[in-house]
Structure formats: structure tokens, C-alpha cells
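Enquirer: Can you keep this structure in mind? I'll have questions shortly.
The values are calculated or read from the model by the stated rules, or taken from the named source; none is laboratory data. Everything quoted here is computed from the prediction, not taken from an experiment. Cβ placement follows ideal geometry from the backbone for every residue including glycine, while neighbour counts extend to all protein chains displayed.
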Amino acid sequence: MFARTPVTSDDYQRLARRRLPGFLADYVDGGAGAEHTLAANSADWARLTLRQRVLVDVSGIDTGTTLLGERCALPLALAPIGLAGMMARRGEAQAATVARAANVPFTLSTVGICSYDETIAAAGAPCWFQLYMLRDRGLVQTLLERVWASGCRTLLFTVDLPLAGMRHRDTRHGLGLPGARAKLVRLSQVLARPGWLRDVALRGKPHAFGNLGEHVPAARDLDTFRAWIDSQFDPGVTWSDIEWLRGLWRGKLVLKGILDVADAQAAVGVGVDGLIVSNHGGRQLDGAASTASKLPAIAQAVAARTEVLVDGGLRSGMDLYRALALGARGALIGRPWIWALAGGGSSGLASMLDIWRRELANTMALTGVTRIADIGARQLDGA
């Protein structure tokens with residue numbers, strides 16, 4: 001019997017969970033606390049109904065647009081995911097290569113397994129880079145100088161992580177906990193996934209934070225790296241640090257993690273080129289509002305002065321359309337792309353991106369629009 005062809009994000013999530021050890025599958029899937037915000041992110045997109053229109057000439061649909069000055073095949077970028085190279089062999093390099101072929105931006109996480117140089121060498125072009133503000137400002141400056149020299153011109157700075165959220169799934173698997181028992185639990189999960197063990201654990205080495213490895217003292221394994229990274233998150237970051245960063249970075253500067261109109265206005269005030277309406281995929285403050293519920297007010301307040309993007313809970317090309325209708329210029333996705341890569345490899349990710357493009361084009365046709373710029377609140381039913 002042949003397996004069914006994966007089509008939706010849910011399909012790829014199921015494939016990824018069959019392939020990944022339990023602690024890695026839950027690291028990707030899990031949110032903070034009781035995961036109410038995680039659930040609301042997806043549910044609130046699904047609740048938005050669209051106006052179906054008929055007898056409109058939709059023979060010339062174009063899903064292309066620009067994001068942060070870059071021409072893209074659709075208004076979508078791949079969001080930064082820490083440890084992506086643990087979900088698929090050299091995962092960041094694979095994803096960047098697929099993204100370039102699909103003509104959508106890829107964002108490398110500060111705590112990716114692959115370094116920036118390895119990633120762009122595989123893709124054959126620069127990508128976006130995501131930064132956490134570390135206590136060691138000298139290291140921050142070194143990282144930025146390095147990626148700039150390698151061709152990066154778009155920096156996403158994550159502002160909603162002064163410390164890690166309470167992610168109970170990770171704790172249940174013993175992540176970050178001392179002692180042999182926690183390691184034995186994870187080892188048993190690894191041994192239950194021989195395909196992952198062979199392809200990623202053995203053939204995907206080295207398993208270190210590619211952008212930070214040389215700076216981590218006495219690093220022996222990922223537990224050591226994780227402990228060092230956790231100690232480096234700086235809860236004292238304020239808007240003055242953003243001003244310092246703006247003076248340091250000559251390219252596009254985007255703040256990721258804005259969920260309040262006042263913060264969006266402050267971001268514009270320090271001269272950012274864009275912001276991402278985000279609650280960190282529901283991984284930080286459980287009980288925070290969904291991004292779909294916060295996007296319209298933020299877009300109305302600042303979209304005329306800076307580029308507004310959104311992430312969190314989007315699961316299809318139709319959800320991407322909904323984000324545009326609420327005022328975003330484009331969206332970023334995290335879990336869907338890592339599910340597709342982990343569950344289906346490079347071909348799975350390429351197929352997923354093509355499906356999203358076709359879903360977006362189909363939704364445009366059935367709502368009577370042919371250009372991305374024409375999508376707005378009037379396409380929402382009841383608007």
C-alpha cells in the first residue's frame with residue numbers, strides 16, 4: 001500500500017513526529033504554559049471568513065511582491081528556528097537552498113546548527129539573519145560584522161525573549177535538567193528513531209551552534225551550549241539598546257516580537273525598517289493575545305511608516321491571504337517549514353512552498369483579486 005501524499009501542514013507535522021525523537025518533536029510543536037496562546041494563534045486565523053466574488057476577470061494572477069526591498073515569489077519568508085539542524089541533516093543549509101529556489105527569503109537563527117557562511121554557501125546567496133541580544137555586546141558586534149561581510153543586509157532582532165518562556169513539554173523530556181535520568185530518557189527516544197539517528201545524529205555532525213561555537217567556553221555537547229545560551233539572554237535590554245543596534249547595523253533592521261501598538265510606535269521612533277507582529281509562536285507568554293487579533297490595530301497605527309509583517313499560527317496559503325487582508329505586507333512561518341523539512345526532506349519543503357503559493361493564488365481568484373496589493377480588509381466577509 002502506498003502512503004498518502006502529504007499536502008497540508010498537519011500532514012507534514014504527522015510525518016515529522018514519526019521521524020523525530022520525542023523531545024525534538026515536542027521542542028518544535030510545544031508552546032508556553034498550558035499552550036492557550038499557541039492554540040489561539042491558529043484558531044483566530046481560521047475564524048476569519050472571506051468574501052467570495054464571481055464574474056471577475058482573474059486570468060492574470062500574480063502572487064509576487066517585495067519584502068524589505070527584496071522581490072519575492074509570494075509574500076512569505078521562512079522564520080528563524082533554533083536547532084533546525086537537529087530536525088534534518090544540516091537543516092538550515094537545506095532550507096535556505098529550497099527557499100532560494102522558491103524565491104522566498106530564509107532567516108537563519110543565531111542558535112542555528114549551521115553557520116551563516118555554511119548556509120549561504122549551500123544556497124548560493126545571502127539570507128536574513130536573526131539576532132538575540134546577548135550579555136556580551138562585543139560578541140553581538142562580532143556576529144553582526146561577520147554576517148555583514150558575508151553579504152547579509154536584513155537583520156531580524158528578537159525583542160520578546162528577555163528569558164525563555166515556561167515550556168513544560170521541554171521540561172517533561174528533561175531538557176535543561178541535570179542528571180543521568182534526563183539523558184537516558186532522551187537516549188531511549190533517539191534509539192526509537194533509527195532513521196533520524198543514522199541521517200541526522202551521525203551524518204549531520206557537527207551538532208553545535210554554528211554561529212557561536214568558537215565563543216562558548218568548554219563546550220562539550222548541546223546541553224552545555226544550551227546552558228551557556230540561557231545564561232547569555234539579557235533581561236536588561238531596553239529601547240536604548242535598539243538605538244545602539246540601529247547605529248551599528250547599516251542594513252534593514254526589523255524588530256520581531258511586537259504585540260502592542262505602543263511598542264510598534266516606539267519601534268518606528270527608533271528608526272526600524274520593519275516589525276513583526278509576533279508572540280514567539282506561543283512559546284513565551286501563555287495568555288498573550290493571538291497575532292491575528294493584534295495585527296489590525298498595529299498595522300493601522302504604523303504601516304504607513306514601516307513595513308509590518310506577522311507570524312504565529314499560519315498553516316496555509318489561505319492564512320497568508322488572511323494576514324494580508326488584516327494589514328500585513330507579508331508573513332513568516334516557522335513550524336510549517338520545519339515540519340515539511342523534517343518529515344519530507346528538501347523535496348517536502350519545496351512541495352509545501354509550492355502548495356502555499358497555489359493556495360494563495362486560488363484564494364485570490366475566488367475572492368476576485370489578481371495582485372497582492374489589492375488584498376485588504378474589503379476581502380473579509382463583514383468588513
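Enquirer: I need the full set of residues from segment 24-60 which are part of a loop (DSSP other than H, G, I, E, B) and touching a strand residue (DSSP E or B) at 6+ places or on another chain (Cβ under 8 Å), in order please.
Expert: Hits for segment 24-60 are LEU48, THR49, ARG51.
Enquirer: Taking into account only those residues within segment 343-378 that are in a loop (DSSP other than H, G, I, E, B) and surrounded by fewer than 19 Cβ atoms within 10 Å (Cβ to Cβ), which is nearest to the chain's Cα centre (by Cα)?
Expert: Here the answer is GLY376.
Enquirer: Next up: For segment 308-327, which residues satisfy the criterion of being aliphatic (A, V, I, L, M) and more than 16 Å from the chain's Cα centre (by Cα)?
Expert: Answer for segment 308-327, where residues must be aliphatic (A, V, I, L, M) and more than 16 Å from the chain's Cα centre (by Cα): MET318, LEU324, ALA325, LEU326.
Enquirer: Taking only segment 104-114 into account, find how many residues are of a type in the set (Ser, Thr, Tyr) and modelled with pLDDT under 95.
Expert: Number satisfying all stated conditions: 1.
Enquirer: Okay, next question. Does ASP311 satisfy being within 16 Å of PHE106 (Cβ to Cβ), touching a helix residue (DSSP H, G or I) at 6+ places or on another chain (Cβ under 7 Å) and of a type in the set (Asp, Glu)?
Expert: yes
Enquirer: Are there any pairs, at least 6 apart or on different chains, whose C-beta atoms fall under 8 Å, with the first in segment 117-137 and under 17 Å from GLY213 (Cβ atoms) and the second surrounded by fewer than 17 Cβ atoms within 10 Å (Cβ to Cβ) and of a type in the set (S, T, N, Q), and if so, which?
Expert: ASP117/SER150
Enquirer: Among ASP26, ASP57, ASP10, ASP62, which is acidic (Asp, Glu) and closer than 21 Å to ARG329 by Cβ?
Expert: Going through ASP26, ASP57, ASP10, ASP62 in turn, just one is acidic (Asp, Glu) and closer than 21 Å to ARG329 by Cβ: ASP62.
Enquirer: Going through segment 18-46 one residue at a time, which ones are without any contact (Cβ under 8 Å) to a residue 60 or more places away in the chain and of a type outside the set (A, V, I, L, M)?
Expert: none
Enquirer: Step by step: first the residues of segment 160-206, then only those that are basic (Lys, Arg) and outside any loop (DSSP other than H, G, I, E, B), then the one that is modelled with the highest pLDDT. Which residue is that?
Expert: Only one residue fits best here, namely ARG198.
Enquirer: Now, a different point. Got a sec? Which of THR110, THR97 is crowded, with 19+ Cβ neighbours inside 10 Å, touching a Pro at 6+ places or on another chain (Cβ under 8 Å) and not in a strand (DSSP E or B)?
Expert: Unique residue meeting the criteria: THR110.
Enquirer: Can you name the residue in segment 37-53 that is crowded, with 16+ Cβ neighbours inside 10 Å and aliphatic (A, V, I, L, M) and is also farthest from GLN379 (Cα to Cα) among such residues?
Expert: LEU38
Enquirer: Now a separate question. Looking at (1) surrounded by 12 or more Cβ atoms within 10 Å (Cβ to Cβ); (2) farther than 27 Å from LEU15 by Cβ, find the lone condition where HIS207 falls short.
Expert: It fails just one condition, (2).
Enquirer: Suppose we filter THR65, THR97, THR110 for residues that are under 15 Å from the mean Cα position of the chain (by Cα) and among the hydroxyl-bearing types (Ser, Thr, Tyr); which single one remains?
Expert: Checking each option against the conditions leaves just THR110.
Enquirer: Okay, moving on. Only one residue in VAL56, VAL104 is surrounded by fewer than 16 Cβ atoms within 10 Å (Cβ to Cβ) and over 17 Å from VAL147 (Cβ atoms), so which one is that?
Expert: Step by step, each of VAL56, VAL104 is checked, and only VAL56 is surrounded by fewer than 16 Cβ atoms within 10 Å (Cβ to Cβ) and over 17 Å from VAL147 (Cβ atoms).
Enquirer: Could you check segment 282-320 and list, in sequence order, the residues that are of a type in the set (Val, Ile, Thr) and either assigned to a loop (DSSP other than H, G, I, E, B) or over 26 Å from ASN362 (Cβ atoms) (or both)?
Expert: ILE298, VAL302, THR306
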